[in-house]
Amino acid sequence: MNPSHRSGHVAVIGRPNVGKSTLTNALVGAKISIVSPRPQTTRHRLLGIATVDGGQLLLVDTPGLHRDQGKSTATAMHRWMNRAARGALEGIDAAMLVVRAGQWDEADDFAYQALRHVGVPVVLVVNQVDRLKDKTVLLPYLAQVSEGREFAGVHPISALKRKGLEALTKEVLALLPEQPALYAEDEITDKSQRFLAGELVREQLMRQLGEELPYATTVEIERFIVDGALLRIGAVIWVERDGQKSIVIGKGGERLREIGTKARQQMERLFDSKVFLETWVRVREGWSDDEAALRTFGYHD
Ligand code: GDP
Ligand code: MG
């Protein structure tokens, strides 16, 4: 008899910045979801495909699930991100609730409650254990957060240091239905290379720009051409105001060059190809609160 094969959709849920995308990448084994020290780095729902011994996990990485903010501050972009996070709960077989070790407050509880409503098994992933200076706080913490809550399992891990991932994978896989793989073994995401290229530029904006500026930017891939062994990629960085444009470009174009260089290196690694990347900065006033602009920039279902 064939050994059983399990596969299914697993939502990766949690408040912003706990390490959901880092975990998705670590399980997939490639950098398909961008990561930065800033909250709300992930704007889209993205499927990470992890083919493992005995099955396939389809990880649904999401923008952090948080309560809708008051109407006055919730831009069209915020509403989009919340829709994408909630949409991730549709059709899932299991969920990983990701929290940061030592932390549990109402934002984590909000994510937990949202998952309880879906009614799928929830595995609690206690991430960033490497950051705990005093390891003796871990056991009491695990006991405290499990108390009165229903988890199919609790796993302390470090997504960054790739600790505890094997046991976590096994446990989650066991919760999935017995069925054949839904994707080919060599597929790692449902997104196109074009989309991923745009995200890798946006990752550098999140990492290299200060204050609120990253949130006023988005990236549009205008050109994506396979030219023999070379990928020719043209990226437009959209900002909301002229002043922001000059900050992104930097003195003598230095900032924009650095953004382009880092993004290109990441693309070459992910696509396993030489990349020629050109970048431009353009202004579109108020794009982040403009539904039509959002759609042109790829924020649509
Ligand atoms: P997300 O918003 O939940 O997707 O979080 P990200 O994956 O973008 O990670 C947010 C930040 O936490 C980044 O700076 C990551 O490098 C960092 N991070 C994620 N996982 C770990 C971990 O296990 N240990 C440590 N020390 N940092 C982590
Ligand atoms: Mg993320």
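The values are calculated or read from the model by the stated rules, or taken from the named source; none is laboratory data. Not measured: the values here are computed from a predicted model. Because the Cβ atoms are built from the backbone with ideal geometry, glycine has one as well, and the counts that use them run over all protein chains shown. The area values use the complete protein model at the heavy-atom level, side chains included, leaving out ligands, DNA and RNA. Shrake-Rupley method; radii C 1.70, N 1.55, O 1.52, S 1.80 Å.
What is the number of the single condition among (1) surrounded by fewer than 18 Cβ atoms within 10 Å (Cβ to Cβ); (2) on the phi > 0 side of the Ramachandran plot that Lys161 does not meet?
Result: Lys161 passes all but (2).
Checking Val99 against (1) part of a helix (DSSP H, G or I); (2) within 16 Å of ligand 2 (Cβ to nearest atom); (3) of a type in the set (Val, Ile, Thr), only one condition comes out false. Which one?
Failing condition for Val99: (1).
Search the range 204-230 for residues that are under 15 Å from Ser36 (Cα atoms) and pair each with any residue that is open to solvent by 40 Å² or more (accessible area, probe 1.4 Å) when their beta-carbon atoms are under 6 Å apart and the residues are at least 6 apart or on different chains.
What qualifies is Gln204/Lys262; Met206/Arg38.
In the list Asp109, Asp105, which residue meets the criterion of being open to solvent by less than 50 Å² (accessible area, probe 1.4 Å) and free of Cβ contacts under 8 Å to residues at least 40 places away in the same chain?
On the way: Asp105 fails: open to solvent by less than 50 Å² (accessible area, probe 1.4 Å).
None of the other options fit; the residue is Asp109.
Within the range 268-275, is even one residue closer than 26 Å to Gln193 by Cβ, open to solvent by less than 40 Å² (accessible area, probe 1.4 Å) and assigned to a loop (DSSP other than H, G, I, E, B)?
Looking through the range 268-275, at least one residue is closer than 26 Å to Gln193 by Cβ, open to solvent by less than 40 Å² (accessible area, probe 1.4 Å) and assigned to a loop (DSSP other than H, G, I, E, B).
Take the range 18-32 and flag every residue that is part of a loop (DSSP other than H, G, I, E, B) and near ligand 1 (Cβ under 7 Å from one of its atoms).
At the first step, the residues of the range 18-32 found to be part of a loop (DSSP other than H, G, I, E, B) are 18-19, 29-32.
The answer is Val18, Gly19.
Output the residues belonging to the range 1-44 that are out of contact with any Leu (no Cβ under 7 Å at 6 or more places or on another chain), polar (S, T, N, Q) and more than 9 Å from ligand 2 (Cβ to nearest atom).
Asn2, Ser4, Asn25 - these are the residues of the range 1-44 that are out of contact with any Leu (no Cβ under 7 Å at 6 or more places or on another chain), polar (S, T, N, Q) and more than 9 Å from ligand 2 (Cβ to nearest atom).
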